[in-house]
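A.B. asks: Quick one: the structure is below, and I'll ask about it shortly.
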Amino acid sequence: MDKIFGRPKSLRDIPTHYCSGCGHGIAHRLISEVVDELDIRERIIGVAPIGCAVIAYDYWDFDCCEAAHGRALAVATGIKRVRPEAIVFTYQGDGDLVAIGCAETIHAANRGENLTTVFINNAVYGMTGGQMAPTTLLNQKTATTPFGRDAKSAGYPLKISELLAQLSGVYYVERVSTDSPVKVLAAKRAIKQAFINQIEGKGFSLVEILSACPTYLGMKPTAAVKWVREEMTKEFPLGKIK
Amino acid sequence: MPKITIDKERCKGCQLCILYCPKGQIRPDKNLNKKGIQPVVFLGGDCSGCKFCAIICPDAAIEVYK
Ligand SMILES: Cc1ncc(C[n+]2csc(CCOP(=O)(O)OP(=O)(O)O)c2C)c(N)n1
Ligand code: SF4
Ligand code: SF4
Ligand code: SF4
């Protein structure tokens, strides 16, 4: 009998600290599979965020660096400029990429840095206790919007992918999801494309992954993926944006 | 016949594999693992080797053989 599916080489064989059913685990594995398939393990440098994925570098078996909250794309810019032969990517949550790091994100994209960003949109701040994120849905209850997000006081879900797609420096933007096996396969194809773009020197590529945070949605993992599919995709439609 | 293996100690019991197995070949285990989590077990019957369970597993706890 042949093994037709197993742990990719770039994913260390250790348990993760993520909650049961957390989308970070799927995204970590997809990146590892792509790194293995493109045979770039000796060339890749990941930049980990602040957020639940803060110790992503413990899980990936390739070179990584840590950035201060929101500054991953500034750090990645520096790495890529001194090591242009390296394949550099950032891995960032919605709090990291869209809230505190919004300026760094927009300017790196606008400069057309030849980088890859994997953006985990789980509609909350996971690490700090489920507070509202810029991507929290209207009426979604979080620790800081106990009655649901109200546009009058908290504004609207921020569609950073659509916003970035407007910039001339941006080459590729796609929104995917990991709510079902078929979507996970599509997410992997997008991540692979975003790395191939960098290898070919095409410029800034971003893949937004709609991802479940069962803990702060207050749902079982099986209900959380349904919520991602049925509620999140209404506000954040899937597909290639640029 | 294709089959899967589940690493019980790695499994966090999210049951996403159960939700997506088209053949109904995965069930919650009777016993808890060392962390006190209820993992899942493969029933060992009619598995198509579709890999859906392994593809959705957030903890890379499933291997598929054909
Ligand atoms: C400069 C700074 N400000 C605030 C924090 C607190 N903080 C840690 S993680 C986080 C948000 C994490 O949310 P997100 O980026 O969505 O990632 P998730 O945990 O949901 O994966 C915040 C505000 C910090 N660590 N550093
Ligand atoms: S709090 Fe949410 S994002 Fe963080 S590990 Fe748990 S499920 Fe994942
Ligand atoms: S490979 Fe497919 S049929 Fe077999 S256990 Fe997994 S999901 Fe079920
Ligand atoms: S998907 Fe993975 S972690 Fe979740 S119950 Fe199945 S084997 Fe366990």
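The values are calculated or read from the model by the stated rules, or taken from the named source; none is laboratory data. In this text, all values refer to a predicted model and were calculated from it rather than measured experimentally. A quick note on method: Cβ atoms are made from the backbone with ideal geometry, for glycine too, and the neighbour counts reach across all protein chains shown.
A.B. asks: Taking into account only those residues within the range B:23-49 that are more than 12 Å from chain A (Cβ to nearest Cβ) and of a type in the set (K, R), which is nearest to A:M1 (Cα to Cα)?
C.D. replies: Out of the qualifying residues, it is B:K23.
A.B. asks: Looking only at the range B:1-11, count how many residues are more than 10 Å from the chain's Cα centre (by Cα) and more than 9 Å from ligand 3 (Cβ to nearest atom).
C.D. replies: 3
A.B. asks: With the structure loaded, tell me whether A:T77 is surrounded by 24 or more Cβ atoms within 10 Å (Cβ to Cβ) and either at pLDDT 95 or above or touching a His at 6+ places or on another chain (Cβ under 7 Å) (or both) or whether it fails that test.
C.D. replies: Here the answer is no, as A:T77 does not meet what is asked.
A.B. asks: Name the residue, out of A:R7, A:R43, that is within 14 Å of chain B (Cβ to nearest Cβ), more than 28 Å from A:I100 (Cα to Cα) and surrounded by fewer than 21 Cβ atoms within 10 Å (Cβ to Cβ).
C.D. replies: A:R7
A.B. asks: Among the residues of the range A:189-223, what is the count of those that are closer than 22 Å to A:I31 by Cα and either within 14 Å of chain B (Cβ to nearest Cβ) or more than 16 Å from ligand 1 (Cβ to nearest atom) (or both)?
C.D. replies: 23
A.B. asks: Now, a different point. Considering only residues of the range A:109-130 that are within 14 Å of another protein chain (Cβ to nearest Cβ) and part of a loop (DSSP other than H, G, I, E, B), which is farthest from ligand 2 (Cβ to nearest atom)?
C.D. replies: Once the filter is applied, the top-ranked residue is A:N122.
A.B. asks: Among the residues of the range B:36-53, write down those that are out of contact with any Gly (no Cβ under 6 Å at 6 or more places or on another chain), farther than 16 Å from B:M1 by Cα and in a loop (DSSP other than H, G, I, E, B).
C.D. replies: Within the range B:36-53, just B:G36 meets the criteria.
A.B. asks: Here's something else I'd like to know. Would you check which residues across the range B:12-35 are assigned to a loop (DSSP other than H, G, I, E, B) and either within 11 Å of the chain's Cα centre (by Cα) or of a type in the set (A, V, I, L, M, F, W, C) (or both) and list them?
C.D. replies: B:K12, B:G13, B:C14, B:Q15, B:C21, B:G24, B:Q25, B:D29, B:L32, listed by residue number.
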